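One structure is given below, encoded as structure tokens.
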Amino acid sequence: MTVRQLEGLPLPEPQTRPMASPSPEALAQRMDEAIAASFSLPRLDEALRRRRVTDAKGELAGVIDELFERTEATRQAADVLERSAFEVPQLTAVFYGKVRRGLLERLGELIRKRAAAGHYRRTDAKILARVIVESVTTFGRHIHHDIEPPGFDLGDARRVVVETLVAGVVAR
């Protein structure tokens with residue numbers, strides 16, 4: 001898969017191949033822009049801005065489901081970025097530094113805020129954020145690479161992941 005394909009652009013006509021490779025900095029900039037355009041999480045952003053919560057379960061379910069949807073929709077690009085990050089430090093800064101660390105920090109902030117307000121169980125917000133992200137990543141992205149089919153409907157898996165995480169986080 002090429003950078004152009006990840007950005008949703010068509011491949012150039014055969015007479016213009018081979019394509020010139022962008023510099024690592026230019027590649028990182030293009031990936032940063034593509035991620036900003038395709039991996040927004042408005043429900044998480046809204047939850048972070050919200051001061052009062054009337055439905056902590058519904059709010060968290062919406063945040064996790066949105067994360068699942070974005071993870072699934074961008075899984076091919078994330079796979080390419082993750083593999084390339086080991087060889088191109090500029091992509092490491094985008095994928096791990098900005099996207100992954102930023103997501104974990106924002107989710108951790110939501111967990112801290114809701115736990116302080118009594119909506120979530122009190123626990124280590126960094127660990128819980130990582131549990132949520134890794135669970136969603138496993139079922140929204142990595143399961144598609146399994147050699148053996150999972151033996152269950154992936155839509156059902158999404159529902160179970162969301163329900164299980166919400167049940168384990170929200171205080172009774």
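Computed values, structure above
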item	result
Area projected by the alpha carbon convex hull of region 91-139, averaged over all directions, nm²	3.5 nm²
Ratio of the Cα radius of gyration of region 77-172 to 2.2 N^0.38 Å, where N counts its residues	1.25
Semi-axis lengths, Å, region 55-130, gyration tensor of Cα atoms, sqrt of 5 times eigenvalues	28, 15, 7
Contour excess over end-to-end distance, with Cα ends at Glu82 and Ala36 and 0.36 nm allotted per residue	14.9 nm
Residue-span extension gain [Arg121 to Ala73] - 0.36 nm each, minus C-alpha spacing	14.3 nm
Anchor Lys98: lysines whose Cα lies under 26 Å away (excluding residues fewer than 8 positions away in-chain)	Lys113, Lys126
Taking N as its residue count, the alpha carbon Rg of the chain over 2.2 N^0.38 Å	1.17
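Read-outs: derived from the displayed coordinates by stated rules, not from any lab. Values in this document were obtained by computation on a predicted structure and should not be read as measured data.
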